[in-house]
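The values are calculated or read from the model by the stated rules, or taken from the named source; none is laboratory data. If you're wondering where the values come from, they're calculated on a predicted model, not measured in any experiment. Neighbour counts run over all protein chains shown; Cβ positions are idealised from the backbone, glycine included. All accessible areas refer to the heavy atoms of the entire protein, side chains included, with ligands and DNA or RNA removed. Shrake-Rupley method; radii C 1.70, N 1.55, O 1.52, S 1.80 Å.
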Amino acid sequence: MAKLKIDGNEIEVPDHYTLIQACEEAGAEVPRFCFHERLSVAGNCRMCLVEVKGGPPKPQASCAMGVRDIRGGPNGELPEVFTNTPMVKKAREGVMEFLLINHPLDCPICDQGGECDLQDQAMAFGIDTSRYQEDKRAVEDKYIGPLVKTVMNRCIHCTRCVRFTTEVAGISELGLIGRGEDAEITTYLEQAMTSELQGNVVDLCPVGALTSKPFAFTARPWELNKTESIDVMDAVGSAIRVDTRGREVMRILPRVNEAVNEEWISDKTRHVWDGLKTQRLDRPYVRKDGRLQPASWGEAFGAIKAAVSATSGEKIGAIAGDLASVEEMYALSELVKSLGSGNLDCRQDGAALDPSLGRASYLFNPTISGIEQADALLIVGANPRFEAAILNARIRKRFRRGGFPIGVIGEGGEMRYKYDYLGAGPDTLKDILDGGHAFAEVLSKASKPMIIIGQGALTRTDGAGVLATAAKLAVNVGAIAEGWNGFAVLHTAASRVGGLDLGFVPGAKGANAAEMLKAMDVLFLLGADELDFSTKAAKFTVYIGSHGDNGAHGADVILPAAAYTEKSGTWVNTEGRVQMGNRAGFAPGDAREDWAIIRALSDVLGKKLPFDSLGELRSKLYAAFPHFAAIDEITEGDSAQIAALAKKAGKMNKSGFASSVKDFYLTNPIARASAVMAECSALARNNFKVAAE
């Protein structure tokens, strides 16, 4: 720790702090453009100048000077820093005047207006006149993809975007070329950026040089209602803010959550909002004469009642989709059980995960932030770059610190960090388990080894064997120890862990998702769209969902439901963290919240569920499953369950592992309804073809 005085106040801070961090700790406001806590220090905007007593007779850049670099007085006096002296004031005014020399006066048409650092700091630390009379320089705008709009005249060369793409996203596609007046930020060849995290440069840009292309000229920040919620595009559960105007979602931004997404979100999370407006189901439909016809709620419920009455409980089933919240899955499971059925499944992809094996057998046990503590990593049947882009950024963050060997079994491909490709399939996994592979020694020597098992390894016919073998390897190499559980199952579906926690899986004689699709008389699909509907032989299908996607196309009755931004719901992320999403707007037309639809249907079917409000539903839910009440907390799995799972290690076949996500941008009904995601997907496919050639 280091002691120093800031504006006369004595404080103690860690000795690795920079002066700007120490000033913030003391409550002093220091302006900045280039400095960012999560990026390397550039020291090129000079806005954060402070005066250091006893230092050189000129202002110092507080972001580039550490507290250990300043000296105290000759008689043991503490080092002193001043943030508001006349010298500092004059220096900041001069820097601001220089920054505005070439900056265009287009605030009225700039999308950054109202949330622009340059505007705010010019008001607080600048002056109201300029001595510069010459013409401003002009810089050509760059094409860097469909997500980020460039107006490079506004760029102040803070290089935040360059440092983010290089350090966090892991691509060297942006850079600064030229010198002096000719300096400019570019992608060199003016091609679209390929990162799944590129939208974050819009948040980082302190001026209007980089703005959101899909959001351009649509709304001003002060017009929007802001709702804090949770993302469901993957199983990470990133903290987001949904901005709405009236009933319409206008944009989605990240919130800071150090334990999950820090302050980044993926491009799918950020730009999927236009999919919330299109392909929506806004009224019930009933299939008549082979065609879906608009109907009233009464007619739709009547058709379901007739179908349920004509069959028995064992011929009724329910499959939950990837975006379903805990509340609606709980309501549907209670309804189906009351009808005498044990046919439930939340695993559309057939993943070999079973709640009876214990919670630790299907969680990302080390936690997302725990990745930073690991010192060796084995990835089995997963590509985190596409399956969980934010989690992949955390792996890269740990990789950049060094001392973190990474091995991959599966498809491989570009993951934004260096790794050792060990092999394609189960043979390699068994080789490591038996100690015949060099990477076995790497894992054994590590104090906190970590093994990530992806859905690509679990959705196969030998998924149970792969899971148990991975568990056995974790036990053998010491990944299960006091204070550390390195066995990590990486999910891709936001609803999956919550469904497994609820026991939304087949009962004693129940059928799984694939079997239900072929054999049920009445099948409820709760937003289930990722099934292989070419095998569908179910006689009567009820689709409860928000978009006219795969599940709705072959349904006999469609009940229009709310999307994730239109309801209050609970989701459990891949690490087992219970999170609450809030309603930012209302569903269109006659669409209703899923749990309310199921409650109303239960009344018609004569199996009335014992709750009339969301609060009552949650009371029943929390009574049955208390851990759902602990919002933003993780109920840890018992590591002994991994040891028990390890003893079940069974046979595995020879075929290689393949990632479960084939197209990052089109993984769910909302994304498939988005024009922005369709453009990104087409661009990614073209880039892949060019790279392959």
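Hey, can you tell me all the residues within the stretch 108-137 that are open to solvent by 90 Å² or more (accessible area, probe 1.4 Å) and of a type in the set (A, V, I, L, M)?
Ile109, Met123
Against the condition touching a Phe, Trp or Tyr at 6+ places or on another chain (Cβ under 6 Å) and within 27 Å of Asp322 (Cβ to Cβ), how does Gly370 come out, does it pass?
no
For residues that are open to solvent by 60 Å² or more (accessible area, probe 1.4 Å) and either closer than 11 Å to Leu19 by Cβ or part of a helix (DSSP H, G or I) (or both), tally how many sit in the stretch 46-60.
The qualifying residues number 0.
Condition check: under 17 Å from Ala494 (Cβ atoms), in a helix (DSSP H, G or I), under 22 Å from the mean Cα position of the chain (by Cα) and not small (Gly, Ala, Ser). Does Glu327 satisfy that?
yes
Identify, please: which residue in the stretch 61-87 is in contact with a helix residue (DSSP H, G or I) (Cβ under 7 Å, 6 or more places away or on another chain) and polar (S, T, N, Q) and is, among those, surrounded by the most Cβ atoms within 10 Å (Cβ to Cβ)?
Ranking the qualifying residues of the stretch 61-87, first place goes to Ser62.
Of (1) open to solvent by less than 80 Å² (accessible area, probe 1.4 Å); (2) in contact (Cβ under 8 Å) with a residue 40 or more places away in the chain; (3) more than 31 Å from the chain's Cα centre (by Cα), Arg38 satisfies all except one. Which?
(3)
Can you tell me which residues in the stretch 204-232 are in a loop (DSSP other than H, G, I, E, B) and basic (Lys, Arg)?
Lys213, Arg220
Say we look at the stretch 362-375 and pick out the residues that are in contact with a Pro (Cβ under 8 Å, 6 or more places away or on another chain) and open to solvent by less than 10 Å² (accessible area, probe 1.4 Å); which of these is nearest to Gly412 (Cα to Cα)?
Ala374
Find the helices (runs of 4 or more DSSP H) located wholly in the stretch 411-477 whose residues include 2 or more that are surrounded by fewer than 24 Cβ atoms within 10 Å (Cβ to Cβ), and list them.
The qualifying helices (runs of 4 or more DSSP H) are 426-433, 438-445, 463-476.
So the check is Cβ under 7 Å with 6+ separation or different chains; which pairs have a first residue in the stretch 333-362 that's hydroxyl-bearing (Ser, Thr, Tyr) and a second one that's open to solvent by less than 50 Å² (accessible area, probe 1.4 Å) and part of a strand (DSSP E or B)?
Qualifying pairs under 7 Å: Ser333/Leu344; Ser341/Ile316; Ser341/Gly317; Tyr362/Val489.
Could you list, in sequence order, all residues of the stretch 528-568 that are aliphatic (A, V, I, L, M), over 24 Å from Gly298 (Cα atoms) and either in contact with a Pro (Cβ under 7 Å, 6 or more places away or on another chain) or free of Cβ contacts under 8 Å to residues at least 60 places away in the same chain (or both)?
Ala537
Here's the yes/no breakdown for (1) closer than 30 Å to Gln191 by Cα; (2) part of a helix (DSSP H, G or I); (3) at pLDDT below 90:
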position	(1), (2), (3)
His627	no, yes, no
Ile642	no, yes, no
Leu645	no, yes, no
Lys654	no, no, yes
Val661	yes, no, no
Thr667	yes, no, no
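With the structure loaded, tell me whether Ala192 is in contact with a helix residue (DSSP H, G or I) (Cβ under 6 Å, 6 or more places away or on another chain) and under 22 Å from Arg385 (Cβ atoms) or whether it fails that test.
yes
Output yes when any residue across the stretch 397-404 is surrounded by fewer than 17 Cβ atoms within 10 Å (Cβ to Cβ), part of a loop (DSSP other than H, G, I, E, B) and modelled with pLDDT under 90, and no when none is.
Among the residues of the stretch 397-404, not one is surrounded by fewer than 17 Cβ atoms within 10 Å (Cβ to Cβ), part of a loop (DSSP other than H, G, I, E, B) and modelled with pLDDT under 90, which makes the answer no.
For Met152, which of the numbered conditions (1) within 23 Å of Phe35 (Cβ to Cβ); (2) under 23 Å from the mean Cα position of the chain (by Cα) fails to hold?
The number of the failed condition is (2).
Being open to solvent by 40 Å² or more (accessible area, probe 1.4 Å), free of Cβ contacts under 8 Å to residues at least 40 places away in the same chain and on the phi > 0 side of the Ramachandran plot is true for just one of Gly606, Gly589, Gly615. Which residue is that?
The unique qualifying residue is Gly606.
For the stretch 218-251, how many residues meet the condition of being of a type in the set (Ser, Thr, Tyr) and in contact with a helix residue (DSSP H, G or I) (Cβ under 6 Å, 6 or more places away or on another chain)?
Here the count works out to 1.
Can you go through Leu344, Leu357 and tell me which one is of a type in the set (A, V, I, L, M) and open to solvent by 10 Å² or more (accessible area, probe 1.4 Å)?
The conditions single out Leu357.
Here's the yes/no breakdown for (1) in contact with a Pro (Cβ under 7 Å, 6 or more places away or on another chain); (2) of a type in the set (Val, Ile, Thr); (3) over 24 Å from Ile265 (Cα atoms):
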{"residue": "Leu377", "(1), (2), (3)": "no, no, no"}
{"residue": "Ile395", "(1), (2), (3)": "yes, yes, no"}
{"residue": "Glu411", "(1), (2), (3)": "no, no, yes"}
{"residue": "Glu414", "(1), (2), (3)": "no, no, no"}
{"residue": "Glu441", "(1), (2), (3)": "no, no, yes"}
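Only one of these is within 30 Å of Lys337 (Cβ to Cβ), touching an Asp or Glu at 6+ places or on another chain (Cβ under 8 Å) and open to solvent by less than 10 Å² (accessible area, probe 1.4 Å): Ile265, Ile319, Ile240, Ile304. Name it.
Being within 30 Å of Lys337 (Cβ to Cβ), touching an Asp or Glu at 6+ places or on another chain (Cβ under 8 Å) and open to solvent by less than 10 Å² (accessible area, probe 1.4 Å) holds for just one of Ile265, Ile319, Ile240, Ile304, which is Ile319.
Residues Ile156, Ile185: which one is within 28 Å of Tyr665 (Cα to Cα), in contact with a His (Cβ under 8 Å, 6 or more places away or on another chain) and touching a residue at least 24 places away in the same chain (Cβ under 8 Å)?
Ile185
I'd like to verify a number: residues in the stretch 482-493 that are open to solvent by 10 Å² or more (accessible area, probe 1.4 Å) and in contact (Cβ under 8 Å) with a residue 60 or more places away in the chain, how many?
Number of matching residues: 3.
Restricting the stretch 376-388 to residues that are part of a helix (DSSP H, G or I) and touching a helix residue (DSSP H, G or I) at 6+ places or on another chain (Cβ under 8 Å), which is most open to solvent (accessible area, probe 1.4 Å)?
Out of the qualifying residues, it is Arg385.
If I go through the stretch 82-117 residue by residue, how many of them are of a type in the set (A, V, I, L, M) and part of a loop (DSSP other than H, G, I, E, B)?
The total comes to 3.
Give just the number: which of (1) farther than 27 Å from Gly454 by Cα; (2) open to solvent by less than 10 Å² (accessible area, probe 1.4 Å); (3) assigned to a loop (DSSP other than H, G, I, E, B) does Val201 not satisfy?
The one condition Val201 does not meet is (3).
So which residues in the stretch 503-522 are within 19 Å of Gly340 (Cβ to Cβ) and under 28 Å from the mean Cα position of the chain (by Cα)?
Once the filter is applied, which keeps residues that are within 19 Å of Gly340 (Cβ to Cβ) and under 28 Å from the mean Cα position of the chain (by Cα), the stretch 503-522 yields Gly503, Phe504, Val505.
Looking only at the stretch 1-55, count every residue that is in contact with a Cys (Cβ under 6 Å, 6 or more places away or on another chain) and within 16 Å of Gln121 (Cβ to Cβ) and tell me the total.
Qualifying residue count for the region: 9.
Exactly one of these conditions fails for Pro14: (1) buried (at least 18 other Cβ atoms within 10 Å of the Cβ); (2) under 29 Å from Ala169 (Cβ atoms). Give me its number.
Failed condition: (1).
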